[in-house]
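Heads up: the structure comes next, in structure tokens.
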2 protein chains.
Amino acid sequence: MDFFNKTGKMAIGSRLRMLTEMITEDAAKIYKLYDIDMQPKWFPVFYVLSAGEAKTITDVAKEIGHSHPSVSKIIREMAKHDLVTEQKDKTDGRRNMVSLSTKGLSITQKIEDQYTDVNQAIEQLIAQTRNDLWKAIEEWEFLLEQKSLFNRVRDQNKERESLKVKIVDYTADYKQAFRDLNEEWISKWFKMEGADYKALDNPESYILNRGGHILVALYNNKPAGVCALIKMDDPDYDYEMAKMAVSPTVQGKNIGFLLGNAIVEKAKSLGAKTIYLESNTILKPAINLYHKLGFNKVAARTSPYERSNIQMELIIK
Amino acid sequence: MDFFNKTGKMAIGSRLRMLTEMITEDAAKIYKLYDIDMQPKWFPVFYVLSAGEAKTITDVAKEIGHSHPSVSKIIREMAKHDLVTEQKDKTDGRRNMVSLSTKGLSITQKIEDQYTDVNQAIEQLIAQTRNDLWKAIEEWEFLLEQKSLFNRVRDQNKERESLKVKIVDYTADYKQAFRDLNEEWISKWFKMEGADYKALDNPESYILNRGGHILVALYNNKPAGVCALIKMDDPDYDYEMAKMAVSPTVQGKNIGFLLGNAIVEKAKSLGAKTIYLESNTILKPAINLYHKLGFNKVAARTSPYERSNIQMELIIK
DNA sequence: TATATTTGTGTAATTAGTTACGTAATTGTA
DNA sequence: TACAATTACGTAACTAATTACACAAATATA
């Protein structure tokens, strides 16, 4: 199919489905050729019963990897064709013991030639290929059992996304971004206050020159988040984490966490034992993030900000 | 699955189905991960439309290898989710021109990352295997297009069956079989005549000692078919092919053809240029077989047999 | 130009599986 | 020993495809 050359391997599911359908279709014709009264879908059930012993529906289902209703249906169909007999277990009234009938057993004889020929045909097919389909399926089954396709894709996603995010130190280039990103969320939820203007308009004199730091999260090399670490003149706390802002256009990419983490690491590297922050309880995702970073709520302290209604601290061990 | 180790490769259909199901299941979760409003089954349709142009239902179906009702249904579902827009073709009222809507187009942007990650994940999976599943599927598609699985199995069957058939020269051991097999079909369709009894009761004096031959087809080493080559005392023909009989219990195994062929070869090896035969038009499979062997109808000749109403000849080049 | 054939599409029924759920029998446990 | 949990399995509803069929529109043909 030309289609699959275009799509690439992400269409492997569709492609597999088509091949499967093609093979199943021929399987039905093959039973007819050998004049055997059986449908391809019965085969797995027939096969496990052909060992001879009677088995329960659930046993068969487990063995062939189907759901039990599927086996239940197949057994009913096979019973209609007199291939199996059902019998309630005497010691366990729930169990429906299924075994091949005389007619079913007679088919096990008749079908031997078909088994031989089909196996031979497939072996020859495989011998003509450079990549062994049977073994390839086996390998996929093994690998997917260890780690599902979903998990593989998710990890791929995380890796790619995290490559796009870089946390860098503040430079004058980011002055505008520092102001804009903060003004954006502050004025969305509250209103800008005097203390905001002071810090955002003069980060050098109000934050950096006083022993503080600012980190910038770049997403695809563009500033998408900022956060400040402000030196506190307080017996209880070394630094305050403040002015954290992440652009709403890049939400859900874990940038807040990466930024917060980097700020905490920075504080640690500066020998800090405690970090303080102020926030507002209506900013639920932010509060969650602070929790995730290890912050805990503390008793109220006075704040220069009107919007502050919750205070948190992180004790560094 | 342990099951498949037991069954051998004839269960490749079932095994493929299971792998397909596993992958499709994860595909649905993957779309969710990327927050894309799409089902795995929509993907092929979405993909061909993402090229931009509007296409008819049938075009899409052809391109992705689905039936048109399948595409029709998918389109309706996608329309319900505002992913496509339908529009009747102005110049051809039958055509339903389908293209991606604005929302659909916006997904083509969003989905790029997902494509990348899924392809990457599958590439890595393939890199971890010794047998490339993708290429293996491709090879199977190619080989099955050239000759279907059904035809491969049928040929395998024929080959195995023909190994069971041996054509041997007549010996006294086969006297009873020569008589019985012939009497069986003659008395089923007609009634035994004087000439029949003579030849069948005394093959040595009536056939072999007069320069004729008898061949016996053994199926599993038991006589299952016979045929005589009788020397003719006629200016037009060297030999007559007669008394061909195949047991109805082994019908459909090509034994008649193998036997007839062997008789013709025997005649050739004896230097014959012409072979003659008599039959009856109600024996259609027999007449077909004679045609297949190269015999053609000739004008009526007198015959010692009442049942003879058609005569045929083979000219050996 | 009338009619037959082909083409495009929708609807209905079928298929081979699934999950969800109900119920009865058995087993485990306080 | 009473009751909760588990097990076995059947029924119902759903899913993602198919084939069969109907019908209208367009095209080919006598």
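The values are calculated or read from the model by the stated rules, or taken from the named source; none is laboratory data. Keep in mind that what you see is a predicted model, and the values were worked out from it rather than measured. Cβ sites come from the backbone with ideal geometry, for glycine too, and all protein chains shown count toward neighbours.
Quick notes
- Applying the condition of being more than 8 Å from DNA strand D (Cβ to nearest atom) and under 39 Å from the mean Cα position of the chain (by Cα) to region A:68-87 and asking which residue is surrounded by the fewest Cβ atoms within 10 Å (Cβ to Cβ) yields A:70.
- The C-beta contact set for region B:31-46 (first residue within 8 Å of another protein chain (Cβ to nearest Cβ) and within 11 Å of DNA strand D (Cβ to nearest atom), second residue among the hydroxyl-bearing types (Ser, Thr, Tyr) and in a helix (DSSP H, G or I), distance under 8 angstrom, 6+ apart or interchain) comprises B:40/B:24; B:40/B:31; B:43/A:14; B:44/A:7; B:44/A:14.
- Filter result for residue B:90 (within 13 Å of DNA strand D (Cβ to nearest atom) and within 39 Å of the chain's Cα centre (by Cα)): no
- Test result for residue B:13, more than 16 Å from DNA strand D (Cβ to nearest atom), over 16 Å from residue A:9 (Cα atoms) and surrounded by 14 or more Cβ atoms within 10 Å (Cβ to Cβ): no
- Check on residue A:82, within 29 Å of residue A:113 (Cβ to Cβ) and modelled with pLDDT under 90: no
- Hey, residue A:109 more than 16 Å from DNA strand D (Cβ to nearest atom) and modelled with pLDDT under 90 or not: yes
- Residues in region A:64-110 that are near DNA strand C (Cβ under 8 Å from one of its atoms) and within 14 Å of chain B (Cβ to nearest Cβ): A:65, A:66, A:67, A:70, A:71, A:74.
- Options B:128, B:120, B:114: the member that is without any contact (Cβ under 8 Å) to a residue 40 or more places away in the chain, within 21 Å of residue B:47 (Cα to Cα), within 14 Å of chain A (Cβ to nearest Cβ) and not charged (D, E, K, R): B:120
- Against the conditions (1) under 30 Å from residue B:134 (Cα atoms); (2) surrounded by fewer than 16 Cβ atoms within 10 Å (Cβ to Cβ), residue A:45 satisfies every one except (2).
- Number of the condition not met by residue B:20 [criteria: (1) without any contact (Cβ under 8 Å) to a residue 12 or more places away in the chain; (2) surrounded by fewer than 18 Cβ atoms within 10 Å (Cβ to Cβ)]: (2)
- Number of residues in region B:1-54 that are over 25 Å from residue A:154 (Cβ atoms), of a type outside the set (Asp, Glu) and in the same structural domain as residue B:136 (by TED's automatic domain parsing) equals 6.
- Qualifying residue in region B:146-161 (condition: closer than 29 Å to residue A:32 by Cα, among the aliphatic types (A, V, I, L, M) and more than 14 Å from chain A (Cβ to nearest Cβ)): no
- Any hit, region A:18-31, residues being of a type in the set (Lys, Arg) and over 29 Å from the mean Cα position of the chain (by Cα): yes
- Test: residue in region A:50-60 that is facing chain B (nearest Cβ under 7 Å), away from DNA strand D (no atom under 14 Å from the Cβ) and under 30 Å from residue B:250 (Cα atoms): no
- Only one entry in A:135, A:158, A:147 is closer than 22 Å to residue B:113 by Cβ, modelled with pLDDT of 90 or more and among the charged types (D, E, K, R), namely A:147.
- Among the conditions (1) within 13 Å of DNA strand C (Cβ to nearest atom); (2) surrounded by 15 or more Cβ atoms within 10 Å (Cβ to Cβ); (3) among the β-branched types (Val, Ile, Thr), residue B:58 misses just one, which is (2).
- Residues of region B:133-145 classified as at the interface with another protein chain (Cβ under 7 Å from one of its Cβ atoms) and over 22 Å from residue B:43 (Cβ atoms), total: 3
- Pair list, Cβ < 6 Å and 6+ apart or interchain, from region B:59-81 residues that are assigned by TED's automatic domain parsing to the domain that holds residue B:49 to residues that are in a helix (DSSP H, G or I) and among the polar types (S, T, N, Q): B:68/B:58
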